[in-house]
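Worksheet: one structure, shown below.
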Amino acid sequence: MNLELSEEQAAVKTLARDFADREIAPNAVAWDRAESVDRAIVKKLGAVGFLGLTIDERYGGSGGDHLAYCLVTEELGRGDSSVRGIVSVSLGLVAKSIAHWGSEDQKRAWLPRLTSGEAVGCFGLTEPGTGSDAANLTTRAVKDGDAFVISGSKMFITNGTWADVVLLFARTGGPGHKGVSAFLVPTDTPGLTRREIHGKLGLRGQATAELVLDAVRVPATALLAPEGKGFSVAMSALAKGRMSVAAGCVGIAQACLEAAVAYAGQREQFGTPIAGRQLVQELLADIAVDVDAARLLTWRVADHIDRGLPFATESSTAKLYASEAAVRCANNALQVFGGYGYIDEYPAGKLLRDARVMTLYEGTSQIHKLLIGRALTGVSAF
Ligand SMILES: Cc1cc2nc3c(=O)[nH]c(=O)nc-3n(C[C@H](O)[C@H](O)[C@H](O)COP(=O)(O)OP(=O)(O)OC[C@H]3O[C@@H](n4cnc5c(N)ncnc54)[C@H](O)[C@@H]3O)c2cc1C
């Protein structure tokens, strides 16, 4: 793996850091308190090309490789995880799935809108009764002539109330993953209602929603990939999606490092800066090691994808490590800040709240241990 960034990758990283410092970081605390990111950020993300990374320019994409995508998601995560999540879902899970699995008509209908930020996408897999066990989802799509009629509900859907299109997973066949199909459902289709979920521990600026589908009728052309291939669509999206969650976690950890080092250098106790205390340096060193390890594991996934190598287990490894590391880093940073870490005028508390969900979504830490264990032994312990 080459650890040197190309000129193009370095330029994208600088662009993303400047964008995050200018458009995101100054607003992050206010958006967190208001429980709503300013929606104008989506068009800005589109204009700068961050919603089109890795997508073909013919469909409005901005090209770039997966390392460039990681660099951008890291910088966005360093600024505000709620904004990073908008990109990881609308581009990473939805637009990339359409680019990979979609028909020419579907690509033309959705990709230019998603990459420009004119439209937002959401990913509807989780249900109230099925989270980790997604293959047992119960939302049902029944064929009716040239259409499907879909009923059921989806839980914890990122971008849910903002989205113009849901990449929705529903059962068209028998039990288990072979009975699942994927659909592109416009959110203004009659019978689809959305309710925003408030009171989240972190990612408060993000629109997380419950979706209810009551006899939602879509044409058969709404199927993404052949009938019965929905679970493959979901798993291929998540294998790459986990890399962008990991990159977002590196951003959180990097923000923790920068904030904690700066604070330790200026906060004086016992007559000198606390940065000179060995136990404070231990906290800082632990954060620094986690940042490096998480970043390298994440870049390895991008390197494998860009070189056409298998990457699913590497992606689980990076997501597991980086998400747990982000929580540790934020906790250590909060310790460096002392009591000031506990109030939201200082960054550590929000970083910890935002980090906490990373070990839960796109596969919990336990699920990733089972995936890695299965790859090592050939035996499923699910
Ligand atoms: C803020 C937020 C945003 C989200 N965004 C989306 C989204 O955009 N789209 C979407 O589809 N979903 C989304 N999710 C859902 C998320 O992916 C699920 O919450 C996650 O998959 C876990 O499912 P669950 O919450 O039902 O927990 P459960 O599956 O009920 O798990 C509960 C606990 O049991 C453990 N567990 C479960 N099965 C096993 C097992 N076999 N062995 C060992 N331990 C096990 C889990 O690790 C966990 O600790 C989001 C969730 C949150 C909180």
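The values are calculated or read from the model by the stated rules, or taken from the named source; none is laboratory data. What you see is a predicted model, and the numbers here were worked out from it, not measured in a lab. In this analysis, Cβ positions are derived from the backbone assuming ideal geometry, glycine residues included, and neighbour counts consider all displayed protein chains.
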Inset, instruction - Go through LYS107, LYS143 for me and flag whichever is of a type in the set (D, E, K, R), surrounded by 17 or more Cβ atoms within 10 Å (Cβ to Cβ) and farther than 18 Å from GLY160 by Cα. - result: LYS107
Inset, instruction - Please find, among VAL280, VAL357, VAL327, VAL291, the residue that is within 16 Å of the ligand (Cβ to nearest atom), in the same structural domain as GLY241 (by TED's automatic domain parsing) and without any contact (Cβ under 8 Å) to a residue 60 or more places away in the chain. - result: VAL327
Inset, instruction - Run LEU351 past the list (1) within 16 Å of the ligand (Cβ to nearest atom); (2) closer than 22 Å to GLY131 by Cα; (3) out of contact with any Phe, Trp or Tyr (no Cβ under 8 Å at 6 or more places or on another chain) and report the number of the one that doesn't hold. - result: (2)
Legend entry - Filter result for the condition that a residue is within 16 Å of the ligand (Cβ to nearest atom), under 28 Å from GLN206 (Cβ atoms) and among the hydrophobic types (A, V, I, L, M, F, W, C), over LEU320, LEU297, LEU334: LEU320
Inset, instruction - Name the single residue, out of those in segment 144-164 being part of a loop (DSSP other than H, G, I, E, B) and within 16 Å of the ligand (Cβ to nearest atom), that is nearest to THR221 (Cα to Cα). - result: ASP164
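In segment 126-138, what residues are within 17 Å of LEU224 (Cβ to Cβ) and either small (Gly, Ala, Ser) or away from the ligand (no atom under 11 Å from the Cβ) (or both)?
ALA134
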Inset, instruction - Could you check GLY61 against (1) surrounded by 24 or more Cβ atoms within 10 Å (Cβ to Cβ); (2) away from the ligand (no atom under 16 Å from the Cβ); (3) not in a helix (DSSP H, G or I) and say which number it fails? - result: (1)
Inset, instruction - For segment 215-228, state whether one or more residues are under 19 Å from the mean Cα position of the chain (by Cα), closer than 28 Å to ARG84 by Cα, at pLDDT 95 or above and surrounded by fewer than 22 Cβ atoms within 10 Å (Cβ to Cβ). - result: no
Inset, instruction - Go through segment 110-144 and count every residue that is over 23 Å from THR172 (Cα atoms) and either among the acidic types (Asp, Glu) or touching a residue at least 60 places away in the same chain (Cβ under 8 Å) (or both). - result: 7
Inset, instruction - Have a look at VAL280, VAL301 and point out the one that is surrounded by fewer than 23 Cβ atoms within 10 Å (Cβ to Cβ) and either part of a helix (DSSP H, G or I) or among the hydrophobic types (A, V, I, L, M, F, W, C) (or both). - result: VAL280
Inset, instruction - Being over 15 Å from CYS70 (Cβ atoms), among the aliphatic types (A, V, I, L, M) and in contact with a helix residue (DSSP H, G or I) (Cβ under 7 Å, 6 or more places away or on another chain) narrows it down to one of ALA330, ALA302, ALA285, so name that one. - result: ALA330
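Pull up segment 177-212, narrow it to residues that are in a loop (DSSP other than H, G, I, E, B) and either of a type in the set (A, V, I, L, M, F, W, C) or away from the ligand (no atom under 15 Å from the Cβ) (or both), then point me to the one that is farthest from ASP105 (Cα to Cα).
LEU201
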